[in-house]
2 protein chains.
Amino acid sequence: MEGDVLIIGGGPAGMETASRISDFKRNVILVEKERELGGHILKWDRLFPDGILASDITNELKASLGNTKVILGSYLASIEKRDDYHFVAQLSSGEIIRCSSVVLATGFKLFPAQKKQEYGYGLYDRVITNEDLETRFKKSEGLGKEAPKRVGFVHCVGSRDEKICNKQCSKLCCITAVKQAIELKQLYPDAEIFCFYMDLRMYGRGYEDLYLEAQSKYGIRFIRGRVSEISQDQSGLVIVKAEDTLASRPLKITLDWVILMAGIISERENDYLTQQLSLQLGEDGFINSLDPIIKTDQTNIPGVFVTGSATGPKTLPEVLSEARSTALTVNEYLNKIKNG
Amino acid sequence: MEGDVLIIGGGPAGMETASRISDFKRNVILVEKERELGGHILKWDRLFPDGILASDITNELKASLGNTKVILGSYLASIEKRDDYHFVAQLSSGEIIRCSSVVLATGFKLFPAQKKQEYGYGLYDRVITNEDLETRFKKSEGLGKEAPKRVGFVHCVGSRDEKICNKQCSKLCCITAVKQAIELKQLYPDAEIFCFYMDLRMYGRGYEDLYLEAQSKYGIRFIRGRVSEISQDQSGLVIVKAEDTLASRPLKITLDWVILMAGIISERENDYLTQQLSLQLGEDGFINSLDPIIKTDQTNIPGVFVTGSATGPKTLPEVLSEARSTALTVNEYLNKIKNG
């Protein structure tokens, strides 16, 4: 198979890049390892800040793919830059793809919460993750028919934590926790809801409104302090130990459910690809842009581009904006190699 | 004068949008009210996170403007949408511009720190703003020849503050304060430096590294608490009163200098333009995008686009990415009206 552009990854970044490059009458090949396009937001119910359905976004992006050749359920077994303008990739199916440029839209993965052993994910039934909660919201299950009395959200699980070797902030968890806390409160108006945080990073437009509303309208309580341990009592309730750093005292609280805000880490599964392409990665495992301000969608290898969360955590509007930027950059590159 | 696109605002957003639309052989007119292109970063010395010179960015953006017709020292006296595909604008010079589309790259303004009266900006010589400090860095003045012993940074001046009617986070001040604190410490290694913050919002890639380095390598002290009052003693030193919310005690500290991190607010000066174009603004005074996730550079009026910080605070790489996205969106619009 031949194309002008091979895009690796069929999440929002890959889809939007593909559709916008297709608009230039380019041959675009989009490879997604799962059997469905959409990436992480497939598992998500509603999106911050306005609560729009994630499926509406996925459907809109899918509908714009134009003549993009989409290959699902397949991954790249290998990729090689043959000369300045030619790449050859082999799919897991054995099929060969020849192309003039490559876009890595390989995204991120969620921190596997069981690695933070002291939080008991996988051991205790009522300790779940942000992603688990979204799946429950999607199925209209919430936290079950029996209304919970007390629910806690633990921020920064797998983020800002040198013990698990990730110093970085995941950028999306604070606002997601506030969104999910409000959604739970709407489902269970009598529940008490607590958020355990280190810094509340409500930096985006309208985020602060949501945070203030969470407190004033929904009575959600924000407790500044890192959770040290989660355990389970004999009745199946969950016990959270933390240091309340504002009250300067240790805190022990019994809850019906705990939601762990699993952070965003780099998709190390693709390291063989970045190695084969001689791309530079940061200490955090995300791909380095050619420069951090202007050439954000270019890499150290001409003809290889990067877009979306493959360079670090980003919000969805940032990802989509960057995908359009990448489409423009790739199109200019293809014009240049044709004329040069 | 006639053009395909009229871009209002010659900061990074306007320049990058102009250069990328010019690449499509469109006639672009870029109007900037100041006598020089560059916007706020003209006053800035070095940029986070890597300390690149702001002037390098401005020069690179200027060099890419191609055939853009640049009009400096002029602003729009009025603008009107005549019919679906035609806008007529009048410049302050009296000149008339006819165009098919308009991009608002009107940016933001810094909160005027004197409005936060209890901080004494304008009254006390040694109370200056983030912008003042950058100007001093640009002139290699620092804080003067006499090395300061103690310097304090006050975060969130004009942000997250209902008293001055801005509930929103300004998104750029935390990381800027950490950058500036490190730069001061490099100039004056013996100075004690304090940052007074509410939440440290180090959400971007590498920001957390800078924050950790500020503490471990440079010994900068971060004190969680809102500053209630700043005054001056008889010797000209500055007295800061705050509540240390982690130690749960009031705090009074005498400093040589205080840097106020003035926040980002909407450029209300352009309200007559947004009114004439019937654009929707948010409660925060920034322009509303057509939707907050996908159509971020479109507005409620076909043919009128918005890019960069005109929709709210953004980092420079976000602004430039969005500018390229806007160039693509505007070009598609121009193709559509030509064919439709």
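The values are calculated or read from the model by the stated rules, or taken from the named source; none is laboratory data. Just so it is clear, the model here is predicted, and its values are computed rather than measured. When we count neighbours, we look across all protein chains shown, and the Cβ atoms used for this are built from the backbone with ideal geometry, even at glycine. The area values use the complete protein model at the heavy-atom level, side chains included, leaving out ligands, DNA and RNA. Shrake-Rupley method; radii C 1.70, N 1.55, O 1.52, S 1.80 Å.
Numbers at a glance
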| quantity | calculated |
| --- | --- |
| Integer Hz, Karplus 6.51/-1.76/1.60 couplings in order for segment B:62-74, x for Gly and Pro | 4, 5, 9, 6, x, 8, 4, 8, 9, 10, 9, x, 9 |
| For A:N166, residues with placed amide H under 5 Å, excluding near neighbours | A:D161 |
| Chain A: proportion of alpha-carbon pairs further apart than 38 angstrom, % | 23 |
| Neighbourhood net charge (12 Å Cβ-Cβ; Lys/Arg +1, Asp/Glu -1) for B:L76 | -3 |
| Size of electric dipole in the protein assembly as shown: Cβ of Lys, Arg +1 and of Asp, Glu -1, about Cα centre, debye, nearest 20 | 340 |
| 5 angstrom amide H check on B:T129, placed H, neighbours 5+ away | B:L260 |
| Portion, in percent, of the accessible area of segment A:269-340 that falls on carbon or sulfur, probe 1.4 Å | 48 |
| Shielding by partners, peptide A:204-210 (average Cβ within 10 angstrom, other chains) | 6 |
| Segment A:110-264: projected area of the alpha-carbon convex hull, averaged over directions, in nm² | 8.9 |
| Label point 7 Å beyond Cα along the C-beta direction, distances from B:P112 to other copies (nm, shortest first) | 5.8 |
| Antiparallel DSSP beta bridges within the protein assembly as shown, as percent of all bridges there, nearest 5 | 45 |
| Those residues of segment A:293-311 for which accessible area with every protein chain present is at least 50 Å² below the isolated value (1.4 Å probe) | A:I293, A:I294 |
| Point-charge dipole on Cβ atoms (K/R +1, D/E -1) for segment A:110-264, about Cα centre, debye to 20 | 240 |
| For segment A:206-219, Karplus couplings with θ = phi - 60° (6.51, -1.76, 1.60), whole Hz, Gly/Pro x | x, 5, 4, 4, 5, 5, 5, 5, 4, 7, 7, 8, 9, x |
| Distribution of pairwise C-alpha distances over the protein assembly as shown, 10 Å bins, in % | 3, 15, 24, 26, 20, 10, 2, 0, 0 |
| Percent of beta bridges antiparallel (DSSP, segment B:110-264, rounded to nearest 5) | 45 |
| Dipole of the protein assembly as shown, positive end: most advanced residue of A:V154, A:M261, B:G206 [Cβ charges, Cα centre] | A:V154 |
| Lysine pair number, Cα distance threshold 15 Å (strictly under), segment A:110-264, separation 8 or more or different chains | 11 |
| Inter-copy spacing of A:A147 label points, which lie 7 Å from Cα along Cα→Cβ, given in nm from shortest upward | 6.4 |
| Helix A:173-187 vs. chain A, principal-axis angle (Cα, 0 to 90°, nearest 10) | 50 |
| Interface size A-B, as summed buried accessible area [1.4 Å probe, Å², nearest 100] | 4600 |
| Residues of type lysines that A:K33 reaches as a straight line, Cα spacing below 22 Å, ignoring anything fewer than 8 places off in the same chain | A:K43, A:K62, A:K69, A:K81, A:K109, A:K314 |
| Carbon/sulfur fraction of accessible area - segment A:110-264, other protein chains in place, 1.4 Å, % | 47 |
| DSSP bridge orientation in chain B - percent antiparallel, rounded to nearest 5 | 45 |
| Charge dipole (debye, nearest 20) of segment A:16-126; +1 at Cβ of Lys and Arg, -1 at Cβ of Asp and Glu | 200 |
| Most mobile listed residue (A:P250, A:P148, A:P313) in chain A, GNM with C-alpha springs under 10 Å | A:P250 |
| Local electrostatic count at A:T296 - Lys and Arg +1, Asp and Glu -1, tallied over other residues with Cβ under 12 Å | -3 |
| Per-residue HN-Hα couplings for segment A:15-28 [Karplus 6.51, -1.76, 1.60; θ = phi - 60°; Hz; x = Gly/Pro] | 5, 5, 4, 4, 5, 6, 6, 4, 4, 8, 6, 8, 7, 10 |
| Segment A:192-340 - convex hull of the alpha-carbon atoms, volume per residue in Å³ | 163 |
| For residues of B:193-199, the mean tally of beta carbons on other chains within 10 Å | 2 |
| Amide proton proximity set for B:L246, modelled H, under 5 Å, gap of 5+ | B:R224 |
| Residue among A:D84, A:D244, A:D256 with the largest mean-square fluctuation in a Gaussian network model of chain A, springs linking Cα atoms under 10 Å | A:D84 |
| Most positive-pole-ward Cα, A:A77, A:I96, A:T135, against dipole of segment A:1-154 from beta carbon charges | A:T135 |
| Among B:D56, B:D83, B:D161, residue whose mean-square fluctuation peaks in a GNM of chain B (springs only between Cα atoms under 10 Å) | B:D83 |
| Heavy-atom accessible area per residue - segment B:202-266, 1.4 Å, Å² | 42 |
